[in-house]
Amino acid sequence: MEWPDGKARCCWANPNNPRYVRYHDCEWGVPVHEDGKLFEMLILENFQAGLSWECVLNKWDAFRQAFDGFDLETVCAYDDKKLTALQHDSAIIRNRLKIQAVVNNAKVFRSIQREYGSFSDYLWHWTGGKVIYETGKAHSQLSDAVSKDLKKRGMKFVGTTIVYAYLQAVGVIYAHDKGCFLEYGGETVELTGKERLEC
């Protein structure tokens, strides 16, 4: 595929969606250690289940508004009235079970924070704080293990495929395709936005 800027990208990046291209170039695969962002991405990945990431991405701003900026404590306190309002919000994905799961998962997320000191410490302890470099997979032993643990703790919509996509999104797994201008070259240990385009 020919890209106007001459930079080859992963096969899933849609050249006709500037927002999707920017997400690919500036966010996907960048290691995240901030709990607020990890929670936000977890909510969005939960909604992706059975859908495309592009569908969720296009509604990202609406999700952020609907879920009060993804503030963890606010989401944990949602009552039935708020959940009903979310189910009638046409700007987001109105899946009742997924909306209910957000509150449930928020509470589990908070309990993990209290146990480990932060959700980041929990997530990154699975790899000893290191980034895993691999491509061409939809799940792995790592995502199997994390999924199993999150389910045991009570989270919903965290099957191994969703967890794998989450780990890729937040940079625990770095998976840019071979040939992508961001493919792993064996030199950079931990990439940040500074190694990307002018993001």
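The values are calculated or read from the model by the stated rules, or taken from the named source; none is laboratory data. What you see is a predicted model, and the numbers here were worked out from it, not measured in a lab. Neighbour counts run over all protein chains shown; Cβ positions are idealised from the backbone, glycine included. In case anyone asks, the SASA skips ligands and DNA or RNA and just uses the protein heavy atoms, side chains included. Shrake-Rupley method; radii C 1.70, N 1.55, O 1.52, S 1.80 Å.
Here is a yes/no grid of residues against (1) buried (at least 17 other Cβ atoms within 10 Å of the Cβ); (2) more than 12 Å from the chain's Cα centre (by Cα); (3) assigned to a helix (DSSP H, G or I):
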{"position": "VAL32", "(1), (2), (3)": "yes, no, no"}
{"position": "PHE39", "(1), (2), (3)": "yes, no, yes"}
{"position": "GLU45", "(1), (2), (3)": "yes, no, yes"}
{"position": "ALA85", "(1), (2), (3)": "no, yes, yes"}
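Can you pull out every residue in the range 143-181 that is hydrophobic (A, V, I, L, M, F, W, C), touching a Ser or Thr at 6+ places or on another chain (Cβ under 7 Å) and over 28 Å from MET1 (Cα atoms)?
Residues satisfying the conditions are VAL158, VAL163.
Just need a number here: residues in the range 159-185 that are over 15 Å from PRO31 (Cα atoms), open to solvent by 50 Å² or more (accessible area, probe 1.4 Å) and either hydroxyl-bearing (Ser, Thr, Tyr) or without any contact (Cβ under 8 Å) to a residue 24 or more places away in the chain (or both).
So the answer is 2.
Looking only at the range 47-57, filter to residues that are open to solvent by 50 Å² or more (accessible area, probe 1.4 Å) and either small (Gly, Ala, Ser) or touching a Gly at 6+ places or on another chain (Cβ under 9 Å) (or both); which one of those is nearest to LYS151 (Cα to Cα)?
GLY50
List pairs: first in the range 63-75 and among the charged types (D, E, K, R), second part of a helix (DSSP H, G or I), Cβ under 7 Å, 6+ apart or cross-chain?
If the second residue must be part of a helix (DSSP H, G or I), the pairs left are ARG64/PHE70; ASP68/THR74; ASP68/VAL75.
Take the conditions among the charged types (D, E, K, R) and in a loop (DSSP other than H, G, I, E, B) and apply them to LYS98. Does it pass?
When the stated conditions are applied, LYS98 does not pass them.
GLY136 passes all but one of (1) part of a helix (DSSP H, G or I); (2) of a type outside the set (Lys, Arg); (3) modelled with pLDDT under 95; which number fails?
(1)
Which one of the conditions (1) outside any loop (DSSP other than H, G, I, E, B); (2) farther than 25 Å from LYS152 by Cβ; (3) not hydrophobic (A, V, I, L, M, F, W, C) does ARG114 fail to meet, given that it meets all the rest?
Only one criterion is unmet by ARG114, namely (2).
Residues are listed down the side, and each one gets a yes or a no for (1) among the hydrophobic types (A, V, I, L, M, F, W, C); (2) within 16 Å of the chain's Cα centre (by Cα):
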{"site": "TRP60", "(1), (2)": "yes, yes"}
{"site": "ARG64", "(1), (2)": "no, yes"}
{"site": "ASP68", "(1), (2)": "no, no"}
{"site": "ASP79", "(1), (2)": "no, no"}
{"site": "HIS88", "(1), (2)": "no, no"}
{"site": "ARG94", "(1), (2)": "no, no"}
{"site": "VAL102", "(1), (2)": "yes, yes"}
{"site": "ASN105", "(1), (2)": "no, yes"}
{"site": "PHE109", "(1), (2)": "yes, yes"}
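Can you find, within the range 1-30, the residue that is surrounded by the fewest Cβ atoms within 10 Å (Cβ to Cβ) among those that are part of a helix (DSSP H, G or I) and among the charged types (D, E, K, R)?
ARG19
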